[in-house]
Amino acid sequence: MAINLSEIRAQLAPSWTPVNIGILVVFFLISTFLGILWLGYILGGRYIGLDLSQSGSVQSTFEKAKRSGKAAMASFKNDDDTVVETTTRDTHDTNFSGGGGKPAHDGTVKTDSSWERNEMDKLAQARAELAKEKAAFEAEKAAFKQNSDS
């Protein structure tokens with residue numbers, strides 16, 4: 001009884017075939033993680049373009065992932081072009097401002113100044129509103145004291 005490797009290879013397509021189920025069981029016996037990975041291949045291998053029954057499929061999938069990773073890194077590096085000023089932050093400060101700050105290795109944080117200006121404008125507006133409310137409260141407080149004294 002000869003084993004025909006082309007038939008076995010044809011059953012490695014991402015679907016529920018006897019070979020894939022056997023591999024799934026073996027991988028679950030070896031490691032749950034490997035079993036889950038193989039289950040992911042069976043269920044979604046076709047969607048990501050990975051088909052072990054076709055030669056070159058694995059290599060082409062890794063090439064696509066490599067190109068995608070390079071494009072993502074190039075995009076990430078191009079984000080630094082919008083950075084226009086650098087500010088320092090105390091290392092003990094726990095009030096992180098967020099908003100696109102990227103920590104550098106020298107302890108400085110690069111921020112996008114347009115975002116920072118926008119946040120500072122919002123803060124100034126909130127402080128002005130708070131000052132008006134405080135003045136109105138103090139006026140009511142003085143009027144109440146005057147009425148209670150008389």
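The values are calculated or read from the model by the stated rules, or taken from the named source; none is laboratory data. Note that the structure is a prediction, hence the values are computed from the model and not measured. Methodologically, a virtual Cβ is constructed for each residue, glycine included, from the backbone with ideal geometry; neighbour enumeration extends over all protein chains shown. Each accessible area value is taken on the protein alone, full model and side chains, heavy atoms only, with ligands, DNA and RNA left out. Shrake-Rupley method; radii C 1.70, N 1.55, O 1.52, S 1.80 Å.
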- Among the residues of region 5-21, which ones are assigned to a helix (DSSP H, G or I) and closer than 15 Å to Leu43 by Cα? Pro18, Val19, Asn20, Ile21
- Message: Report every pair of residues separated by at least 6 positions or lying on different chains whose Cβ atoms are under 9 Å apart, first residue within region 136-150 and surrounded by 10 or more Cβ atoms within 10 Å (Cβ to Cβ), second assigned to a loop (DSSP other than H, G, I, E, B) and among the charged types (D, E, K, R).
- Response: none
- Query: Which of (1) at pLDDT 80 or above; (2) touching a helix residue (DSSP H, G or I) at 6+ places or on another chain (Cβ under 6 Å) does Leu50 not meet, given it meets every other one?
  - Reply: (1)
- Count of residues meeting criterion [open to solvent by less than 70 Å² (accessible area, probe 1.4 Å) and modelled with pLDDT of 85 or more] in region 1-41: 14
- Note on the structure: Here the residues within region 42-54 that are open to solvent by 80 Å² or more (accessible area, probe 1.4 Å) and touching a Phe, Trp or Tyr at 6+ places or on another chain (Cβ under 8 Å) are none
